[in-house]
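So the structure is just underneath, and the comments pick up after that.
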Amino acid sequence: MKALDKETAIARMNTFGRNGTPFLFVIDYMQEHSYVEPLDGIDASVCLYQFRGTGNAPDAGARYAGTIDWEFTPPAPADYRRSFDTVRRNLLGGNSYLTNLTCKVPLRTNLTLKDVFLHSHALYKLWLKDRFVCFSPEIFVRMEEGRIKSFPMKGTIDATLPHAESILLDDAKEAAEHATIVDLIRNDLSMVSEHVTVASYRYIDRLQTNKGPILQTSSEICGMLPGDYTKRLGDILFSLLPAGSITGAPKPRTMQIIAEAEGYERGFYTGVMGCYADGRLDSAVMIRFIEQEDGQLYFKAGGGITAQSRWESEYNEVIQKIYVPIY
């Protein structure tokens, strides 16, 4: 698999769509490096994928029979707070309404990247040999029969807490964060489609993890695509990037704040992955992500910050998200 620049990736996606060629795409956060490969040309010894039960790894999802060693070194609270304060200063200054702040966490586990791919339970999974594994629950966009749909996911809580669902839905900070993202995604979809509507607002998803169940809130936003959309898949998809749920609003200025606050390169983390086949495009935001660098594993995780956020709560949410859905 050869990494492509943005212009080449767009052209390749457009060509594959126009010719009806099924293909896989993987795009990094900054859209500087992409993989766009025909499905029949993917080497399973290098790349495995499974999106909503379809992929090139028939044994993916097999039950893991062993024990899981899982240790990570969370960010020092003082370091996280410095990053948080940079974000909050910009929020209070009116430079952003919502900023997604993430961090890179050293991880020690007996699981290999391929183990995580094969045994984790997730809507969307991708493994690149000696690079990373992603096991994402978050849909980015789906295109089918002239319609585009997006499902932003914002708001997380431990499902075992008493009245967890009510606490999550009634949380003013989480409600404000979700409303901002829905508005941003609605505006993004309006750039490529018409008659954009919010079909479902703040519904609850329940996710199982190796540390227990969690609840997350999502919404569904829909629009009508132009008649020639299959010939312009690359143009349409890249015009929506990076995903609003992992940047914030307004997107360009918030990305500058993210670069200042985070102090590391996200790479493919918080990019998008997906495939196109039989006239249908399906994709996911690349959250829940483990990367290998020089033999060391890192889990990348984060969450949305608003002016109402408290750094302690956001810090704890990051830690809650450092899990694998193996059970």
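The values are calculated or read from the model by the stated rules, or taken from the named source; none is laboratory data. If you're wondering where the values come from, they're calculated on a predicted model, not measured in any experiment. Backbone-built Cβ (ideal geometry, glycine too); neighbour counts: all protein chains shown. Protein only, heavy atoms only, side chains kept; ligands, DNA and RNA dropped before computing areas. Shrake-Rupley method; radii C 1.70, N 1.55, O 1.52, S 1.80 Å.
Here are some notes:
- When we screen 90, 95, 100 for residues that are under 24 Å from residue 152 (Cα atoms), touching a residue at least 12 places away in the same chain (Cβ under 8 Å), among the polar types (S, T, N, Q) and crowded, with 23+ Cβ neighbours inside 10 Å, the only hit is 100.
- Taking the stretch 31-73 as the range and being closer than 25 Å to residue 237 by Cβ, part of a loop (DSSP other than H, G, I, E, B) and touching a helix residue (DSSP H, G or I) at 6+ places or on another chain (Cβ under 6 Å) as the test, the residues that pass are 31, 60.
- Within the stretch 192-232, being of a type outside the set (Ser, Thr, Tyr), open to solvent by 70 Å² or more (accessible area, probe 1.4 Å) and assigned to a strand (DSSP E or B) holds for 194, 195, 206, 224.
- Pairs linking a residue in the stretch 1-14 that is modelled with pLDDT of 95 or more and open to solvent by 80 Å² or more (accessible area, probe 1.4 Å) to a residue that is of a type in the set (Phe, Trp, Tyr) and not in a loop (DSSP other than H, G, I, E, B), with Cβ atoms under 9 Å and 6 or more positions apart or on different chains, are 12/23; 12/25.
- At least 2 residues being hydrophobic (A, V, I, L, M, F, W, C), more than 21 Å from residue 185 (Cβ to Cβ) and touching a His at 6+ places or on another chain (Cβ under 6 Å) is the threshold, and among the strands (runs of 3 or more DSSP E) wholly inside the stretch 74-148 not one reaches it.
- When residues in the stretch 233-274 are screened for being open to solvent by 30 Å² or more (accessible area, probe 1.4 Å) and of a type in the set (Phe, Trp, Tyr), 1 of them pass.
- Odd one out for residue 181 among (1) surrounded by fewer than 22 Cβ atoms within 10 Å (Cβ to Cβ); (2) in a helix (DSSP H, G or I); (3) not small (Gly, Ala, Ser): (1)
- Members of the stretch 58-83 found to be touching a Leu at 6+ places or on another chain (Cβ under 9 Å) and of a type in the set (Ser, Thr, Tyr), listed by number: 64, 73, 80, 83
- When residue 192 is tested against the conditions (1) under 17 Å from residue 241 (Cα atoms); (2) free of Cβ contacts under 8 Å to residues at least 12 places away in the same chain, the lone failure is (2).
- Residues in the stretch 16-55 that are over 22 Å from the mean Cα position of the chain (by Cα), open to solvent by less than 30 Å² (accessible area, probe 1.4 Å) and not hydrophobic (A, V, I, L, M, F, W, C): 17, 38.
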